Every structure is written in C-alpha cells, then in structure tokens.
1. Please give, to one decimal in nm, the separation of the simple spin-label points placed at Q83 and A22, each 7 Å out from Cα toward the Cβ.
2. Below 8 Å, C-alpha to C-alpha, sequence gap of six or more: please give me the relative contact order for the chain in percent.
3. Using r as the Cβ-Cβ distance of S101 and H30, and R0 as 41 Å, what FRET efficiency do you calculate, to the nearest 0.05?
4. Rounded to the nearest 10 degrees, what's the angle between the helix 19-30 long axis and the longest principal axis of the chain, both from Cα atoms, 0 to 90?
5. In terms of Cα to Cα distance under 13 Å, which aspartates and glutamates are near enough to K42, apart from those fewer than 8 places away along the same chain?
6. Over what distance in Å are the Cα centres of segment 65-103 and segment 31-45 separated?
7. Report ³J(HN,Hα) in whole Hz for each residue of segment 88-103, in order, from the Karplus equation J = 6.51 cos²θ - 1.76 cosθ + 1.60 where θ = phi - 60°; Gly and Pro get x.
8. For volume of the Cα convex hull per residue in Å³, which listed value, (i) 130; (ii) 74; (iii) 179, comes from the coordinates shown?
Amino acid sequence: MPRIERAKQFAPFDTLKGLHEALKLKEYEHDRIEKGDLPEEKIMEISNILRSLKKDVKVKVIYFRDGHNHIAEGNFKIDYTFQTITIGKNIINFDDIVDLSIK
C-alpha cells in the first residue's frame, strides 16, 4: 500500500475531540479588533446611499460586530424607526455599518 493511502486510514481518528473547534474559537477571539471611528465623509456617503436605496436592488454591507468586520449581501429591508437594515437573517444597526455599496 502506498504511503499516502496508509496515512488516510488514520485521518478519521481524532484523539483530542474538540481540539480543532477550541483552536478556531481561540483564533477568532485573538483576531478581534477595536471599532474605529469612520471619517465624516464616509458617514455622509453611507447615509446618502441609505436614503437613495430602491426596493429591488441588492446591497453589500460591511459591518462591525463582536470585534470583527462581517459582510452581508443581498436584498434588504430598512427600518428607519429602529435605524436598522436587514439582509437575510442579519439585522444591522446603522451605526455598525463600515461600508455600503449597491450590487
């Protein structure tokens, strides 16, 4: 049996169950960043885009949550009362938006 084939037979054997998940969690926590302030020009740009959005367009939103920047893309719903934009299952506060573009 070739060496690569012999190694494959041991691949499913994980002696330290949960180690990979624990390492991923630790890495996720380690990579956290502080939320920076956006320049006034960027805030105005995002605000103008939010006001001009039409119902049938798709958007791409980069937003800050839990120490990380995340991306959401797709159809949206805006709630001006609560100042949120919803894309799929993501409810994003206007204050957390880092960048917004029309797709």
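The numbers here are math on the coordinates, done by the rules we state, and not lab data. All figures in this text were calculated on a predicted structure; none of them were measured in a lab. Every residue, glycine as well, gets a Cβ built from its backbone with ideal geometry; the counts of neighbours run over all protein chains shown.
1. About 4.2 nm, to one decimal.
2. Working: 101 pairs, mean separation 23.8, N = 103.
Contact order relative to length: 23 percent.
3. Working: r = 29 Å, r/R0 = 0.72.
For S101 and H30, the calculated efficiency is 0.90.
4. Helix 19-30 sits roughly 30 degrees off the main axis of the chain.
5. Hits, sequence-local ones excluded: D95, D96, D99.
6. Going from one Cα centre to the other spans 14 Å.
7. Per-residue couplings from phi come out as x, 9, 8, 9, 10, 6, 3, 5, 8, 6, 9, 8, 9, 9, 8, 8 Hz.
8. After the calculation, the listed value that fits is (iii).
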